[in-house]
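Participant: Before I ask anything, here is the structure I am working with.
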Amino acid sequence: MQIRRLNTLRGLAALIVLVGHYSNKARLWDALLGTRAPQLGVMLFFLLSAFLMTILYLEREPDRQTLRGYGAARIARVVPLYVAVVVLSWLGQQTGLPWLTPVLYAIPDIKSLISHLATLYGVQVLWTIPAELHFYLIFAALWWLRPRASWVMPVFCLIVLGTFASGHWPLGPKAPLLGFPIDLPLLRGLPYFTAGMLLGMLYNRWRAPERFRHHAFALALPMLLLLYPAILGKLTGWSYGQGPGPSPMWFLPLLLLAMSAIFFVLVFMVPDGNPVLENRVGDYLGKVSYSLYLLHFPILLLLAQAGLAKGVGGLALFLALTLLAAGASYRYFEFPMRRWIRALGQPARGPR
């Protein structure tokens with residue numbers, strides 16, 4: 001099953017992160033498009049990921065072969081580039097070169113490296129990848145249990161979203177254990193993954209009648225801008241506050257509801273063939289979105305170190321370089337590795 005507009009939404013999520021981080025670093029328009037706004041892109045990523053897993057797999061029989069293919073596809077999608085970025089960042093940090101270490105992900109020692117590879121921790125934007133991988137395991141368990149105990153998945157969703165809405169969502173460990181940094185970042189994103197699963201289950205069973213669908217619903221897309229902290233503050237004077245954890249935004253039920261509602265409108269209510277949501281640019285950005293996400297941060301740090309992260313021109317240079325790097329990464333590393341790992345997940349053919 002393919003929903004073409006999800007490519008555009010995935011590419012948009014990556015752009016929200018890229019532009020937001022540049023806005024913060026360069027203080028572009030007084031960080032109007034930054035100021036914690038990149039987290040909105042991550043939230044959209046999490047909703048998308050869970051939605052896709054649900055519509056692609058939940059209605060299939062979770063037998064051994066299907067689960068093996070699922071595991072291979074998920075590993076192929078995420079692990080190779082993540083491991084490459086983590087290991088290369090650590091190796092670069094070991095050189096101690098003053099011009100190199102500041103532009104790499106901050107993985108300074110072997111314990112930090114092990115925590116990253118064990119998916120117990122993630123520095124800077126890397127925290128989202130362990131969260132994604134942990135969700136894949138939870139989804140596989142819920143999927144496997146569904147034919148055996150159909151009540152497990154709805155009870156799981158009720159507990160997660162009920163606890164989140166109550167304001168008692170756990171923060172997770174923050175102190176290192178035996179010197180190994182520990183974060184368990186899945187806790188931060190699990191409510192968004194759960195909402196994405198619910199939307200996927202709804203999509204598997206219901207379609208909006210054609211008479212209710214309209215291209216005007218694509219106007220929900222710019223509504224995302226109203227959730228930007230700096231824009232919201234200027235329009236209403238309201239702030240997301242200084243709540244617990246790395247950002248209070250992750251602990252606001254109303255924000256989860258708003259993101260889910262925008263996602264619902266764009267996916268369920270906009271007719272097929274909408275040129276804003278279904279186009280070649282969106283297809284390409286969605287295809288390279290993972291490389292965009294992982295590679296943009298070192299590129300931004302490099303431009304800032306060179307004094308080039310300034311103004312709109314610097315933003316254009318940053319986006320161009322990141323797109324070039326992401327395109328090369330996807331073509332020469334990410335896609336070949338994905339194809340090879342998926343092939344390993346296929347059942348072996350017997351002798352002819």
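The values are calculated or read from the model by the stated rules, or taken from the named source; none is laboratory data. Computed from a predicted structure; not experimentally measured. Glycine gets a Cβ as well: all are built from the backbone with ideal geometry, and neighbour counts include every protein chain shown. Calculation scope for accessible area: heavy atoms of the full protein, side chains included, ligands and nucleic acids excluded. Shrake-Rupley method; radii C 1.70, N 1.55, O 1.52, S 1.80 Å.
Participant: Quick one: the Cα spread of region 1-107 along its three principal axes, in angstroms, biggest first?
Facilitator: Principal-axis extents of the Cα atoms in region 1-107, largest first: 53, 36, 18 Å.
Participant: Something else now. If packing is taken as the mean number of other Cβ atoms within 10 Å per residue, what is the order of 272-280, 330-338, 19-27, highest first?
Facilitator: Output ranking for 272-280, 330-338, 19-27: 19-27, 330-338, 272-280.
Participant: Same structure, new question: At ASN204 and VAL152, where each label point lies 7 Å from the Cα along Cα→Cβ, what is the point-to-point distance in nanometres?
Facilitator: Simple spin-label model gives 1.4 nm for this pair.
Participant: Average the reciprocal distances over every distinct pair of alpha-carbons in region 202-347, invert the result, and give the Kirkwood radius in Å. Working shown, then result.
Facilitator: On the way: mean 1/r = 0.0526 Å⁻¹.
Final number for the Kirkwood radius of region 202-347 is 19.0 Å.
Participant: Taking region 276-317, how much of its Cα-Cα pair set, in percent, is spaced more than 16 angstrom apart?
Facilitator: Values: 442 of 861 pairs.
Counting every Cα pair in region 276-317, those more than 16 Å apart make up 51 percent.
Participant: Exactly which chymotrypsin sites (Phe, Trp or Tyr not before Pro) in region 61-151 are in a DSSP loop and have at most 16 other Cβ atoms within 10 Å?
Facilitator: Details: sites: TYR70, TYR82, TRP90, TRP99, TYR105, TYR121, TRP127, PHE135, TYR136, PHE139, TRP143, TRP144, TRP151; in loops: TRP99, TYR105, TYR121, TRP151.
Counting only loop positions with at most 16 other Cβ atoms within 10 Å, the chymotrypsin sites (Phe, Trp or Tyr not before Pro) in region 61-151 are TRP99, TRP151.
Participant: Step through the residues of region 105-119 one at a time and calculate ³J(HN,Hα) from phi using the Karplus curve (6.51 cos²θ - 1.76 cosθ + 1.60, θ = phi - 60°), rounding each to whole Hz and writing x for Gly and Pro.
Facilitator: 4, 7, 10, x, 9, 5, 5, 5, 4, 5, 4, 5, 5, 7, 6
Participant: Probe of 1.4 angstrom, ligands and nucleic acids ignored: what's the accessible area per residue over the chain, in square angstrom? Walk me through the numbers on the way to the answer.
Facilitator: Details: 16750 Å² over 352 residues.
On a per-residue basis, the chain sits at 48 Å².
Participant: If you roll a 1.4 angstrom probe over the protein chains with everything in place, what fraction of the accessible area of the chain belongs to carbon and sulfur, to the nearest %?
Facilitator: 68 percent
Participant: Applying 1/(1 + (r/R0)^6) with R0 = 25 Å to the Cβ-Cβ distance of ARG331 and ARG68, what FRET efficiency is obtained, to the nearest 0.05?
Facilitator: Numbers: r = 27 Å, r/R0 = 1.08.
The computed FRET efficiency comes out at 0.40.
Participant: Separation between the LEU137 and GLN346 pseudo-spin-labels, each 7 Å from Cα along Cα→Cβ, expressed in nm?
Facilitator: It works out to 2.9 nm between the two label points.
Participant: Sticking with this one: Run down the lysines and flag those whose C-alpha is under 22 Å from the C-alpha of LYS111, throwing out any fewer than 8 positions away in its chain.
Facilitator: LYS174
Participant: Have a look at ALA261, ALA326, ALA149 and tell me which one the Gaussian network model of the chain (Cα, springs below 10 Å) gives the largest fluctuation.
Facilitator: Checking each option, the largest mean-square fluctuation is seen for ALA149.
Participant: Here is a follow-up. In sequence order, what are the phi-derived ³J(HN,Hα) couplings for region 27-44 according to the Karplus relation 6.51 cos²θ - 1.76 cosθ + 1.60 with θ = phi - 60°, rounded to whole Hz, with x for glycine and proline?
Facilitator: So the J values, rounded to whole Hz, are 6, 5, 6, 6, 6, 4, 9, x, 6, 6, 4, x, 5, 5, x, 5, 4, 5.
Participant: Fully extended, how many nm does the chain gain between LYS111 and LYS310 (0.36 nm per residue separation, minus their Cα-Cα distance)?
Facilitator: Length gained, LYS111 through LYS310: 68.1 nm.
Participant: OK, next. Taking the Cα-to-Cβ direction at MET269 and at LEU219 and moving 7 Å from each Cα, how far apart do the two end points lie in nm?
Facilitator: Label-label distance for MET269 and LEU219, simple model: 1.1 nm.
Participant: What FRET efficiency do you get for ILE159 and GLN124 if R0 is 45 Å and r is their Cβ-Cβ distance, rounded to the nearest 0.05?
Facilitator: That gives a FRET efficiency of 0.90.
Participant: Do any trypsin sites (Lys or Arg not before Pro) in region 60-143 lie in a DSSP loop with no more than 16 other beta carbon atoms within 10 Å, and if so, which?
Facilitator: Listed in order of number, the matching sites are ARG60.
Participant: While we're on this one: Can you work out D for region 95-198 in µm² s⁻¹ from Stokes-Einstein, where Rh is the Kirkwood radius over C-alpha pairs, the temperature is 25 °C and the viscosity is 0.890 mPa s?
Facilitator: Values: Rh = 15.6 Å.
Answer, rounded: 157 µm²/s.
Participant: May I ask for the Kirkwood hydrodynamic radius of the chain, worked out over all distinct Cα pairs and given in angstroms to one decimal?
Facilitator: Hydrodynamic radius (Kirkwood, Cα only) of the chain equals 21.4 Å.
Participant: May I pose another question? Pop the C-beta distance of ARG211 and LEU257 into the FRET formula with R0 = 30 Å and round what comes out to the nearest 0.05.
Facilitator: On the way: r = 26 Å, r/R0 = 0.87.
The calculated FRET efficiency here is 0.70.
Participant: Something else about it: Can you list the lysines whose alpha carbon is less than 28 Å from that of LYS234, not counting same-chain residues fewer than 8 positions off?
Facilitator: LYS25, LYS310
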